[in-house]
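Comments concern the structure below.
The values are calculated or read from the model by the stated rules, or taken from the named source; none is laboratory data. Only a predicted model underlies this, so the values are computations on that prediction, with no experimental measurement involved. Here Cβ is always computed from backbone atoms with ideal geometry, including for glycine, and neighbour counts include all displayed protein chains.
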Amino acid sequence: MTLRLYNTATRKKETFIPLTEGKVGIYVCGVTVYDLCHIGHARSAIVFDVLTRYLRAMGFDVTYVRNFTDVDDKIIERANKLGKQTGDIAQEYIDAFYEDMDRLYILKADKEPRATEHIEGMIEMISTLLDRGYAYAEGTDVFFSVKDFKGYGKLSGRKLDDMQAGSRIAVDEKKRHPMDFVLWKGVKPGEPQWDSPWGPGRPGWHLECSVMSNFFLGPSFDIHGGGRDLLFPHHENERAQSLCANEGSFARYWVHNGFVTIESEKMSKSLGNFLTIRDALKTYHPEVLRLFLLSKHYRGPLDFSKSGVLDLQSGLVRIYRTLQRLEDLIGPYEEQPEETQPAFLLNQPDTFMGQFIDMMDDDLNTAGAVGLVFEKVREMNKSMDSINGAMDETTRSHLADERGQLFLAGRVLGLLKETPKDFFRQLTSDAGAVDPSEIEKMIEQRAAAKATKDWAKADEIRDRLKEMGVILEDGPKGTTWRFDV
């Protein structure tokens, strides 16, 4: 089986065939840096992180581009409100973005341009659109003329006449058509500005991604991604201006992830259910959040609920308990390759890995892939349960191979990044209140008490640890511990 992706532009799954054999160019619309990232941003970032990981694991040379919108009405509004420069606001939230993404094990993109770094290219593109008759200037503003591009609406499946009839967009007297969109905005007091042939001002939002994708990937590239909320008008407008200005096909596959709701309601600051990534991380372990966001197919909606997250947390706890059990039996896993090592899924003879690849090839079915991981963990526990007495080398080798396959799947999904001990240490939000060195010291005292057959003292230490939220598990190689979750 080969990778098939649902292409929003054709509304069907298509076999993925890159423009250049062995190479893939991906452009994903990044965040507007005026505030902290929310859980919806996390879902989109994780989806395209996994897509990139998977393509590399299957041997593709991937160039992944994700931008920052660092000039925008919301950034300007925040800067004016706080009495700061727009560049300072943008940098503050870019730094916060990296902190959040790092905690969720999201790899950096290969190229992470900022809109303000490509103003010259935007001015050049506007000039091309004007020269070709797809744009018009009204004073110091420049607009794209949607009626002059016959393919407008094809990506989102909308008809221009229907959009005009149902439009609630405030009518700008400068526009020739209600759906025309701005390419260049004339300067206003208190706003950042750049010189242009039409006067000082700044670019429209839609323009930046067309320019930056062309700069890094060329006029034709493989995959354009983003949240479903960007499909219209942002991606529709991107496509229109790119096809009119450049000699290419722009994006060949359009991939959009679904919305995230909070307890079945649309996320909104006015409803008080706006959940930032860092607020969520105050309650849940990063891998728990990541697993939850991968537990449903990326194209469908995902409802973020406490019960749903805790269900996945229980599942992740079972996986890490299994890994701890394996460490006790056959020692720690020390073969994890570097994140950037390519093609590590090629030529994998294991049945599990074949099934895992089939799931991922089916439009990045992470939900099915996660299900296979849980099934593999159940099988591994059965194998360990069946060990009676001394373990032979065949059994040891089999368990080591099974664990290796599990970690390969984890690398694609961005999971199983911690040692079992570290995972359980970090899992509870108040874990920092318990000093791990104190726990280890009490375990040593309990071992000494058991050695002298002082069972009462050994039980007392176990009970004290339990009150601290620490569970002991005695195994053939000694006692391990974890937080009770």
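Which residue out of 62, 50 is within 26 Å of residue 215 (Cα to Cα), assigned to a strand (DSSP E or B) and among the β-branched types (Val, Ile, Thr)? Matching residue, one of 62, 50: 62. Condition (residue is in the same structural domain as residue 212 (by TED's automatic domain parsing), touching a helix residue (DSSP H, G or I) at 6+ places or on another chain (Cβ under 9 Å) and part of a helix (DSSP H, G or I)) applied to the range 14-31: is it met by at least one residue? No, that holds for no residue.
Among residues that are surrounded by fewer than 19 Cβ atoms within 10 Å (Cβ to Cβ), among the small types (Gly, Ala, Ser), within 29 Å of residue 226 (Cβ to Cβ) and in contact with a strand residue (DSSP E or B) (Cβ under 8 Å, 6 or more places away or on another chain), residue 264 is included.
Across the range 455-477, the number of residues qualifying as modelled with pLDDT of 80 or more and over 19 Å from residue 423 (Cβ atoms) comes to 11. Of the set (1) more than 30 Å from residue 229 (Cα to Cα); (2) in contact with a strand residue (DSSP E or B) (Cβ under 8 Å, 6 or more places away or on another chain), all apply to residue 403 but (2).
What's the total number of residues in the range 269-306 that are in a helix (DSSP H, G or I) and either free of Cβ contacts under 8 Å to residues at least 24 places away in the same chain or farther than 16 Å from residue 415 by Cα (or both)?
Restricting attention to the range 269-306, the residues satisfying the condition of being in a helix (DSSP H, G or I) are 277-281, 286-293, 306.
If we keep only those that are either free of Cβ contacts under 8 Å to residues at least 24 places away in the same chain or farther than 16 Å from residue 415 by Cα (or both) as well, we get 277-280, 292, 306.
Residues in the range 269-306 being in a helix (DSSP H, G or I) and either free of Cβ contacts under 8 Å to residues at least 24 places away in the same chain or farther than 16 Å from residue 415 by Cα (or both): 6 in total.
Could you look through the range 172-204, keep only residues that are surrounded by fewer than 20 Cβ atoms within 10 Å (Cβ to Cβ) and among the hydrophobic types (A, V, I, L, M, F, W, C), and pick out the one that is modelled with the highest pLDDT? In this case the residue turns out to be 194. Put simply, of 105, 93, 34 the only residue that is part of a loop (DSSP other than H, G, I, E, B), over 13 Å from the mean Cα position of the chain (by Cα) and among the hydroxyl-bearing types (Ser, Thr, Tyr) is 34.
When the range 115-152 is filtered for residues that are free of Cβ contacts under 8 Å to residues at least 60 places away in the same chain and of a type in the set (Phe, Trp, Tyr), the ones remaining, listed by number, are 136, 143. Hey, can you tell me all the residues within the range 154-164 that are surrounded by fewer than 20 Cβ atoms within 10 Å (Cβ to Cβ) and in contact with a helix residue (DSSP H, G or I) (Cβ under 7 Å, 6 or more places away or on another chain)? Scanning the range 154-164 gives 156, 158, 160.
Here the condition is being in the same structural domain as residue 311 (by TED's automatic domain parsing) and more than 21 Å from residue 52 (Cβ to Cβ); of 394, 366, it holds for 394 alone.
Look at residue 35 and say whether it is acidic (Asp, Glu), touching a Phe, Trp or Tyr at 6+ places or on another chain (Cβ under 7 Å), under 25 Å from residue 158 (Cβ atoms) and in contact (Cβ under 8 Å) with a residue 40 or more places away in the chain.
Details: acidic (Asp, Glu): yes; touching a Phe, Trp or Tyr at 6+ places or on another chain (Cβ under 7 Å): yes; under 25 Å from residue 158 (Cβ atoms): no; in contact (Cβ under 8 Å) with a residue 40 or more places away in the chain: yes.
Criteria not met by residue 35.
In the range 71-88, the residues that are at pLDDT 95 or above reach residues that are among the acidic types (Asp, Glu) with C-beta atoms within less than 6 angstrom, at least six apart or across chains, in these pairs: 76/191.
For the range 347-375, name all the residues that are in a loop (DSSP other than H, G, I, E, B) and at negative phi.
Of the range 347-375, the ones in a loop (DSSP other than H, G, I, E, B) are 347-350, 363-365.
348, 349, 350, 365, listed by residue number.
Once the range 132-149 is narrowed to residues that are in contact with a helix residue (DSSP H, G or I) (Cβ under 8 Å, 6 or more places away or on another chain) and surrounded by fewer than 18 Cβ atoms within 10 Å (Cβ to Cβ), the residue that is farthest from residue 246 (Cα to Cα) is 137. Filtered by the rule that a residue be under 22 Å from the mean Cα position of the chain (by Cα), surrounded by fewer than 21 Cβ atoms within 10 Å (Cβ to Cβ) and within 25 Å of residue 120 (Cβ to Cβ), the range 206-229 gives a lone residue, 216.
When the range 55-73 is examined, which residues are found to be hydrophobic (A, V, I, L, M, F, W, C) and over 12 Å from residue 24 (Cα atoms)? First the steps, then the outcome.
As a first pass, look at the range 55-73 and keep what is hydrophobic (A, V, I, L, M, F, W, C): 55, 57-58, 60, 62, 65, 68, 71.
Hits for the range 55-73 are 57, 68, 71.
The set of residues in the range 180-207 that are assigned to a loop (DSSP other than H, G, I, E, B) and within 15 Å of residue 129 (Cβ to Cβ) comprises 180, 196, 197, 198, 204. When the range 82-120 is filtered for residues that are among the acidic types (Asp, Glu), surrounded by fewer than 19 Cβ atoms within 10 Å (Cβ to Cβ) and touching a strand residue (DSSP E or B) at 6+ places or on another chain (Cβ under 9 Å), the ones remaining, listed by number, are 110, 112, 120.
Of all the criteria given as (1) in a loop (DSSP other than H, G, I, E, B); (2) more than 17 Å from residue 134 (Cα to Cα); (3) in contact with a Gly (Cβ under 9 Å, 6 or more places away or on another chain), the one not satisfied by residue 174 is (2).
Note on the range 424-454: residues that are at pLDDT 80 or above and either assigned to a loop (DSSP other than H, G, I, E, B) or touching a His at 6+ places or on another chain (Cβ under 7 Å) (or both) amount to 4. Considering only the range 377-387, I want to know if a residue exists there that is within 29 Å of the chain's Cα centre (by Cα) and not in a helix (DSSP H, G or I). No, every residue in the range 377-387 fails to be within 29 Å of the chain's Cα centre (by Cα) and not in a helix (DSSP H, G or I).
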